[in-house]
1. Are there any pairs, at least 6 apart or on different chains, whose C-beta atoms fall under 8 Å, with the first in region 394-418 and among the aromatic types (Phe, Trp, Tyr) and the second open to solvent by 30 Å² or more (accessible area, probe 1.4 Å), and if so, which?
2. Mind counting the residues in region 429-447 that are closer than 21 Å to Arg408 by Cα and aliphatic (A, V, I, L, M)?
3. Can you find even one residue in region 274-289 that is over 30 Å from Ala337 (Cα atoms) and not aliphatic (A, V, I, L, M)?
4. Cβ-Cβ distance below 6 Å, separation of 6 or more or different chains: which pairs start in region 156-172 with a residue that is aromatic (Phe, Trp, Tyr) and end on one that is open to solvent by less than 10 Å² (accessible area, probe 1.4 Å)?
5. Of all residues in region 222-241, which are in contact (Cβ under 8 Å) with a residue 24 or more places away in the chain and under 12 Å from Ala195 (Cα atoms)?
6. The conditions are (1) farther than 21 Å from Gly333 by Cα; (2) touching a helix residue (DSSP H, G or I) at 6+ places or on another chain (Cβ under 8 Å); (3) not in a loop (DSSP other than H, G, I, E, B), and Gly392 fails exactly one of them. Which is it?
7. Inside region 262-332, counting only helices (runs of 4 or more DSSP H) that do not spill past its ends, which hold 1 or more residues that are in contact (Cβ under 8 Å) with a residue 12 or more places away in the chain and either touching a Phe, Trp or Tyr at 6+ places or on another chain (Cβ under 9 Å) or β-branched (Val, Ile, Thr) (or both)?
Amino acid sequence: MIDSFLERAKRGESVFICDVRDAFGSLGAAVECVVELAAGPPRRYIIPVPRPENAEESEFVKEFFYANIYNLISALGGKRIKINIKPGDDHIEKLCADLDDVFQTSVQRGNRTGYGKCLNVTDRVNAAMGCQDFCFEIAHTKRNVVLDNHDTPASDALPAFRAATSAARNATLCGLDIGGTDIKVVGTLAGRIKALKEYDWRPSDMTSIDELISPIMLITRVIRAALTLPDTGRGNELRATMLDKDATDEEMSRAVDAAEYEFGDLILLDGIGVNFPDVVIRNKIVGGETPKTQGIRRCSPDYESEFRRIAGLDEMLLSHCKPGGVVKIANDGSLAAYTAAVELAHSARADEVANGVFAHTLGTDLGSGWINENGEIPQIPLELYNCAIDLGNYPAREFDALDVRSIRNFNTGIAGTPQKSAGQSGAYRMALEFFKQDAPELFNELIDKGFIERNETGLYVTLTPQDMRKPLLEHIMELADNGQPQAEQVFREIGKYLAAIWRETEFILSPGVKRRVLFGRFVKRQNCFKLMQEGAIGMFGVTLDAGDDSLAYTPLMLDLKADPVYTVAQFGQAIGAAYFAAAELS
């Protein structure tokens, strides 16, 4: 059995951890893991661990076991994991005895690598919840702990989602969708969209938290000015300047200053909702291990102190609000799920919200969000983009993480995470593979057109003098939209990986909802979404829903749907962020 997995991995094929777990489950030997959460009841898992017959099999079983533990921590966090071992299995004893070394529990956060990286986030979450750092606890027992991996009984969340839209009708709101390559922001006045703004940036290149915070504060001020300006010649002129996608920070700042000078104090906001690409616990950004802050991690002499300053973003933004105003921050995946929940709550499909909503954002990375059966955002990291989903494709592991062909995570170096299979890096990687194999003229075109650059160390997406990440993704999507077979296969494969992620969330979270709503650039083109649906259905029969114009039922989302320039797929989460803030006003 293990031999067949190894052969597939050596051929460059995927070996999904869910398939391995199913196969190993019939072999008898297993460990029981009880995850004690920082918030919520403990959860119990059984991980099968067969005895290997040689060194190669031993390495595979070892990776499988540690990947399972890593995935539990990445998704759930936790104060500790208690591992119960039935006496007499020396192989499992050794695996568990090495857990502290493998996960580097005694190593300082800045020095952790690989599997240990997930503890950086978990320890920050624990600190935010008033708990001690994570630890393992090993016990020897013949008795299994009986726990139910489900949350408390569901309540009716529909009224809360509907109340958010009612509050938005009488509020002045700003919704910020902060991504890895751009920020999308919406300003609303009296229940209507008044301003939309897209701002390109590269936070991964920034070296201080001030560099990251400054554009966010400037854009919030831009939205306040856009909502203040009258619909007159001069007002429209200044508004157009500051909302121009290509306006520089200096041009925006001058336009805002002119607006304030010519038309008086800027309007204060009732609420600001923020969709932030990191772990957010109780309105505080606490993760700190995403690619967005990699430049700060690399350059700061005291990253922990530097990163901790972003936890005050909610208070900084509150300065743009009226007395009694609110700032609400959530992870980008959580806001995607919330956005879908609010829209569905106003549709003929409102009954679907009863079991919650699970959503993914597909863009620079893979975001994941879950609104549970109680209509709440569980206070867990849910860093599914970091989970080890694919234990195969050994050839692609040999490349440096930044090489387009690599399946290694940018941040952790761990192979087979969704970052390199369901985010835009996955689209790049698979396009290169399929083009080179079956359409070499398309492969050469990627280099000839400057999307990809080749040097002595490998193949990389061109970042200078022009950042080609967005144009490259658009190029691949356009080829797929036009029926180019190898480009179409890219999105079918992404659908398969999304189905494998679904299987992992079934194992770890047991959510009541079984469908997945997708947001982001991948969904912008209908054919690309249909291809992902094909891949997901063909893999495990998973149903994917599009967070596009078809998911527009509320007044603000219908305004966005009618916009001649921007789409629901692009700005839907910014609208959701505005509703998220409005919910606190209801």
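1. Listed by first residue and then by second, the contacts come to Tyr394/Lys10; Phe399/Arg405; Phe399/Arg408; Phe410/Gln294; Phe410/Leu402.
2. Summing the residues that are closer than 21 Å to Arg408 by Cα and aliphatic (A, V, I, L, M) in region 429-447 gives 3.
3. Kept after step one, since they are over 30 Å from Ala337 (Cα atoms), are these residues of region 274-289: none.
No - not one qualifying residue is present in region 274-289.
4. Phe161/Ala341; Phe161/Val342; Phe161/Ala345
5. Scanning region 222-241 gives Val222, Ile223, Arg224, Ala225, Ala226, Leu227, Thr228, Leu229, Arg239.
6. Condition (3) is where Gly392 drops out.
7. Values: elements: 294-299, 303-308, 313-318.
Because the criterion is at least 1 residues that are in contact (Cβ under 8 Å) with a residue 12 or more places away in the chain and either touching a Phe, Trp or Tyr at 6+ places or on another chain (Cβ under 9 Å) or β-branched (Val, Ile, Thr) (or both), the helices (runs of 4 or more DSSP H) in region 262-332 that meet it are 294-299, 313-318.
Yes or no, residue by residue, for (1) open to solvent by less than 10 Å² (accessible area, probe 1.4 Å); (2) at pLDDT 90 or above:
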position: Leu318; (1), (2): no, yes
position: Lys322; (1), (2): no, yes
position: Gly325; (1), (2): no, yes
position: Ala336; (1), (2): yes, no
position: Thr339; (1), (2): yes, yes
position: Arg349; (1), (2): no, no
position: Asn355; (1), (2): no, no
position: Gly367; (1), (2): yes, no
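The values are calculated or read from the model by the stated rules, or taken from the named source; none is laboratory data. Quick caveat, the model's predicted, so the values are computed rather than measured. Every residue, glycine as well, gets a Cβ built from its backbone with ideal geometry; the counts of neighbours run over all protein chains shown. SASA here: full protein model, heavy atoms, side chains in, ligands and nucleic acids out. Shrake-Rupley method; radii C 1.70, N 1.55, O 1.52, S 1.80 Å.
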